[in-house]
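Take a look at the structure below.
The values are calculated or read from the model by the stated rules, or taken from the named source; none is laboratory data. Since the structure is predicted, the reported quantities are computational estimates derived from the model, not experimental observations. A quick note on method: Cβ atoms are made from the backbone with ideal geometry, for glycine too, and the neighbour counts reach across all protein chains shown.
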Amino acid sequence: GKHAVNLDNKITDMNVKPFTLEMGIKFELHVTISGKKINVSEVPELSIPEDWMRDKLELNFYKSEQGGGGEVENVNYDKQSRTAVITFLRPG
């Protein structure tokens, strides 16, 4: 169909037409890994307060220093999605 689009305070008329995407579209992702954060998913649902769960997560990753953990700077826990982001004080 026809559409009028405002671009930089100028009205431009456009015609929209369907098209088929070919299989095998290439795209590139760029990821920067800081070594300071770890994403945790599928955190078990326990009937304890959220601050207790944050404390448990912090203690778990702090205690596993020899296994890649270390001193924890912050724990961002989302009970609804059952995920957490653990931020360490130093990269490792």
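Data table
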{"quantity": "The stretch 34-58 residues that are under 14 Å from Gln80 (Cβ atoms) and outside any loop (DSSP other than H, G, I, E, B), paired with ones that are at pLDDT 85 or above and of a type outside the set (Phe, Trp, Tyr) (beta carbon under 6 Å, 6 or more apart)", "calculated": "Glu50/Lys79"}
{"quantity": "Qualifying positions in the stretch 68-82 - within 17 Å of Glu45 (Cβ to Cβ), exposed (fewer than 14 other Cβ atoms within 10 Å of the Cβ) and not charged (D, E, K, R)", "calculated": "Gln80, Ser81"}
